[in-house]
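Shown next, in structure tokens, is the structure this report addresses.
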Amino acid sequence: MTASDTGNPAAILEEARHRGGATLDEHQSKRLLACFGVPVVREAVAADPKAAARVAAELGFPAVLKAWGNTLAHKTEVSGVVLDLRSPAEVETAGARLLRIPGTEGLLVQDQVQGNRELVAGLTRKPGFGPCVMFGVGGILTELVADAVFRIAPLSENDAAAMIADIRLVEMLGPFRGQAAVDTEALARILMSLGEIGLRYPEVAQIDINPIKVRPDGTLVAVDALVVRRDAAGVDDKPPQARPAAGSLAPFFSPESVAIVGASAVPGKPGHEVVRNILANGYEGRLYLVNPQGGEILGLPVHASLASLPETPDLAVVIVPARACPGVLRECVARGIRQAVVSAGGFAEYDEGGVGLQEELEEIIRTSGIRVLGPNTAGHTSTPYRFTSGFFPLGAIRPGTVSYVSQTGNFCTHTMKRILTGEHFGVARVMGLGNAIDIDESDALEYVADDPETQAVVMYLEGFRRPRRFLEVARAARRRKPVVVLKSGSSEAGGRAALTHTASLAADDRLVDGLLRQAGVVRIRDYGELIMAGKVLTMSPLPAGNRVGFLAPSGAMLVTLTDLCGRLGLEVPTLEDHTIRRLEEISPPLIRMRNPVDIWAAASARGVEFGYREGMRALLEDPNIDAVVPILLLTGDTGVPSYEFILDLAAAHPGKPILVGFSGEQRYVDECRAFLEPRGIPTFLEIEEPFAALRILTGCRRSLTAP
């Protein structure tokens, strides 16, 4: 068979169904791939050794001979492959042995393809994700090397090109030991074809092309392939059941009237603290407290029921025990309330009884169309409307321009407390999704992406309820504003029925990483970076690129931080000649000045403020620099600058971020932070942190400008 022997894919699949078995045999698999333009090795099936010898003579020597049969998925494991056969006699001898391997139905004769590089590509399916395309380093060590990346089908040309660039050993695709660079355009077409097969033929569960050999001239050819049928793999990747058309989430964030169902007069109880928080934030709408006991709470009258309210509220905050929530939600529906926050825990996250309660809530939502945040949510916040449904004692919440979406209550509670008491930035919207039985991460991102009060979005996610919908929403969102995501819960557990290398490599986190890269959002890995991202996206402009200039009072710092930049994908470029001359002017003679800048000599000889001011100015004025990081030396003995000069430099270069780190005496570090951050200059206690923050900024810039 040649690449032009394309055939009919539907007929090939029907032939496989009729034949039965878990997989298409290797020859059928390659015939199917050839239908979609995948270059495959010349080959033919022979019934016996003599026929195999004749085929080999026609194809030309050296030849490869393989055991062929419907159940022979991994032939190398049973010594079912013989290479470098150079005569008909050698083919006959090898063929006689191969026919004795259990499951062998015939012999597959192939060209022996030259080339030292081997790649792997494939398709697998994951619930919610649907068909996913894989690419990586191939050969017999595929799973051991585990250098593989994934994307969700369909793939655009940009998606495929990004996949190819993402493998760790990407250098092997360039010129290699006298051999030409890989034809990456042809490789991209193979990956796009795999996505097309997955979308057009749902019965194809897994595909494995391993290896794809790279010839010395850089062209590609698939020399082995395996296609697994869907019923054999036991894969269920059906998307979640379609939901009714969702209404806008605006009433959650700009309610004119709110009912607190379960308001309590007992300090410390959630039903009391939520009222305190609302009052502390100066909510100007109409607030109705609901509790059958009536009376007064914090100076506000208490109504006995929703039915007794003088109007239908825009929003109900339901803060009663889990077992009472279905009844209260039905009362909300009966009263005509269209939005509700259900705060109680004790649902599917708790026990079997909670599962039943949650299913009851889901049925109410399905039949009524009410929008619900939660259950098991720590609430939400809208500082432009001076409102919160949170019950953790936060008090007044500082307004800002960044919005947070979180699948953990920790963020909306004590992490927010940390931001309010230890940082100098605020928030626009905050949404705790809880169990997300209705409003999920995709809905939340879609809202804040369109929100004019939100200039950047930071998300903490533990899973995706609708991965393909999230991909669609995130792709649209990142074109308008920065989107940063911390996805936790990484798992290396492969998919069920991993009959192929592709499926066995399809660990949850590889699929998630592919989704986030395909969406174009910036992924962070550490919980503390949630705060870092909020701060730097609030205070700093996005740099034009990833080129950083930095200054430190220590050679050891310069070396270790340069290494760090390499790991973070930041460039430490060479400076212009005039910049180097200026740095030499401010420093004592015989000091070699370059990027990064050892500022100790200038600061000690001419004063800390002069050295840092002039050194930073020189870097900021250099066209090769996109951002500047000074590691400020602050001690009483060496002198403490006024800090005003940093504000002046930032104002003179508004497109270049200045991210400040410290070394020295803690009281002056605290003093500097308290001066700079309220004025919009981010500072960081550990010297590595400014560079991690700059990685976030440069990633956001790439996302906004990527095709």
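Peptides 348-354, 182-188: what's the order by average Cβ count within 10 Å, highest mean first? Mind showing how you got there, number by number?
On the way: 348-354: 13.7, 182-188: 18.0.
Descending mean neighbour count gives 182-188, 348-354.
Less than 18 Å from a label point 7 Å out along the Cα-to-Cβ axis of Glu363: which backbone N atoms in the stretch 426-462 qualify, by residue?
Under 18 Å, as judged by backbone N against the label point of Glu363, lie 437-438 of the stretch 426-462.
For helix 608-621, what angle does its Cα long axis make with the longest principal axis of the chain, in degrees from 0 to 90 and rounded to 10?
50
Give the calculated FRET efficiency between Val266 and Gln666 to the nearest 0.05, with a Förster radius of 35 Å applied to their Cβ-Cβ distance. Intermediate values should be presented prior to the final figure.
Details: r = 41 Å, r/R0 = 1.18.
Once the sixth-power term is evaluated, E becomes 0.25.
What is the sum of charges, Lys and Arg at +1 and Asp and Glu at -1, for the other residues whose Cβ falls under 9 Å from the Cβ of Leu516? Please list the in-between numbers first.
Values: positive: Lys487, Arg517, Arg523; negative: Asp513.
Charge balance in the 9 Å sphere: +2.
Considering Cα pairs under 8 angstrom that are at least six residues apart, work out the relative contact order of the chain and quote it in whole percent. Don't skip to the answer; put the middle values down first.
Values: 1571 pairs, mean separation 63.0, N = 707.
Result for the chain is 9 percent.
Go ahead and collect, in residue order, the members of the stretch 666-707 whose backbone nitrogen is under 20 Å from a label point 7 Å along the Cα-Cβ direction of Glu157.
Once the point is set 7 Å along Cα→Cβ of Glu157, 705-707 turn out to lie under 20 Å by backbone N, inside the stretch 666-707.
By how many nm would the segment from Glu585 to Ser308 grow when fully extended, if each residue of separation counts as 0.36 nm and the alpha-carbon distance is taken off?
Working: separation 277, 0.36 × 277 = 99.72 nm, distance 7.88 nm.
Residue separation times 0.36 nm, minus the Cα-Cα distance, leaves 91.8 nm.
Classify the stretch 98-236 from the C-alpha gyration tensor, please: rounded if a/c falls under 1.5, else prolate or oblate depending on whether a/b exceeds b/c.
Values: a/c = 1.94, a/b = 1.08, b/c = 1.80.
Verdict is oblate for the stretch 98-236.
Compare the Cα positions of Thr401, Gly426, Phe253 along the charge dipole of the chain (+1 at Cβ of Lys, Arg; -1 at Cβ of Asp, Glu; about the Cα centre) and return the one farthest towards the positive end.
Phe253
How would you classify the chain from its alpha-carbon gyration tensor, with a ≥ b ≥ c the square roots of the eigenvalues: rounded for a/c under 1.5, else prolate if a/b is greater than b/c, otherwise oblate? Write down the numbers at each step before the final one.
Values: a/c = 3.25, a/b = 1.33, b/c = 2.45.
Here the chain falls in the oblate category.
At 0.36 nm per residue, and after removing the present C-alpha to C-alpha distance, how many nm does the segment from Arg594 to Leu298 gain when stretched out fully? Walk me through the numbers before you get to the answer.
On the way: separation 296, 0.36 × 296 = 106.56 nm, distance 6.34 nm.
Net length gain for the segment: 100.2 nm.
So what is the 222 nm mean residue ellipticity for the chain from helices alone, if each DSSP H run of at least 4 adds -39500 (n - 2.57) and you divide by all residues, rounding to the nearest 500 deg cm²/dmol? Walk me through the intermediate numbers first.
Details: 25 runs with 259 residues, N = 707.
Helix-only estimate at 222 nm: -11000 deg cm²/dmol.
Extending each Cα 7 Å along its Cβ direction at Ala280 and Asp450, get the distance between those two points in nm, one decimal.
About 3.2 nm separates the two model spin labels.
Can you tell which of Ser193, Ile101, Leu169 lies farthest toward the positive end of the dipole of the stretch 93-231, using +1 and -1 charges on the Cβ of basic and acidic side chains (Lys, Arg; Asp, Glu)?
Selected residue: Ile101.
If you take the square roots of the eigenvalues of the alpha-carbon gyration tensor of the stretch 437-582 and sort them as a ≥ b ≥ c, do you get rounded (a/c under 1.5), prolate (a/b over b/c) or oblate?
On the way: a/c = 2.60, a/b = 1.54, b/c = 1.68.
Verdict is oblate for the stretch 437-582.
Would you order Thr124, Thr71, Thr408 from fewest to most other beta-carbon atoms within 10 Å of each residue's own beta-carbon? Let's see the in-between values first.
Details: Thr124 33, Thr71 12, Thr408 17.
Fewest-to-most Cβ neighbours within 10 Å comes out as Thr71, Thr408, Thr124.
Any chance you could check the Cα centroid distance between the stretch 346-417 and the stretch 128-167 for me, in angstrom?
36
Taking the mean number of other Cβ atoms within 10 Å as a proxy for protection, how do you rank 105-113, 158-166 from highest to lowest? Don't jump to the answer; show the numbers that get you there.
Working: 105-113: 22.0, 158-166: 18.7.
Highest-to-lowest ranking by the protection proxy: 105-113, 158-166.
Which whole-Hz couplings ³J(HN,Hα) result when phi for each residue of the stretch 459-464 is put into the Karplus expression 6.51 cos²θ - 1.76 cosθ + 1.60, θ = phi - 60°, listed in order with x for Gly and Pro?
Once θ is set to phi - 60°, the couplings for the stretch 459-464 become 10, 10, 10, 10, x, 10 Hz.
Using a simple charge model, +1 on the beta-carbon of Lys and Arg, -1 on the beta-carbon of Asp and Glu, nothing else, what dipole does the stretch 542-705 show about its Cα centre, in debye to the nearest 20? All intermediate terms of the calculation are to be shown ahead of the outcome.
On the way: 16 positive and 22 negative charges, 81 e Å.
Dipole of the stretch 542-705, to the nearest 20 debye: 400 debye.
Quick check: the angle from helix 555-568's long axis to the longest principal axis of the chain, C-alpha only, nearest 10 degrees?
60
For the chain, find the longest principal axis of its Cα atoms and tell me its angle to the long axis of helix 467-477, 0 to 90°, nearest 10.
Here the helix axis deviates by roughly 60 degrees.
Report the calculated FRET efficiency for Leu647 and Ala146 (r = Cβ-Cβ distance, R0 = 41 Å), to the nearest 0.05. Before the final figure, lay out the partial values.
On the way: r = 49 Å, r/R0 = 1.18.
Step by step, r from the Cβ atoms, then E = 0.25.
Size of the dipole of the chain about the Cα centre, Lys and Arg at +1 and Asp and Glu at -1 on the beta carbon, nothing else charged, in debye to 20? Show your work: numbers first, answer last.
Values: 72 positive and 84 negative charges, 128 e Å.
Computed about the Cα centre, the dipole is about 620 debye.
Select from Ala627, Gly569, Leu659 the residue farthest towards the positive end of the dipole of the stretch 542-705; place +1 on Cβ of Lys and Arg, -1 on Cβ of Asp and Glu, and compute about the Cα centre.
Gly569
Please give the net charge around Arg286, taking every other residue with its beta carbon less than 12 angstrom from that of Arg286, where Lys and Arg add +1 and Asp and Glu add -1.
Details: positive: none; negative: Glu256, Glu284, Glu311, Asp314.
Here the charged neighbours net out to -4.
Mind listing which trypsin sites (Lys or Arg not before Pro) in the stretch 121-184 are in a DSSP loop and have 15 or fewer other Cβ atoms within 10 Å?
Details: sites: Arg125, Arg151, Arg168, Arg177; in loops: Arg168, Arg177.
In loop regions of the stretch 121-184 (DSSP not H, G, I, E or B), the sparsely surrounded trypsin sites (Lys or Arg not before Pro) are Arg168, Arg177.
Read the figures in this text as sums done on the coordinates, not as results from a lab. As the structure is a computational prediction, the values presented were derived from the model and not from experiment. When we count neighbours, we look across all protein chains shown, and the Cβ atoms used for this are built from the backbone with ideal geometry, even at glycine.
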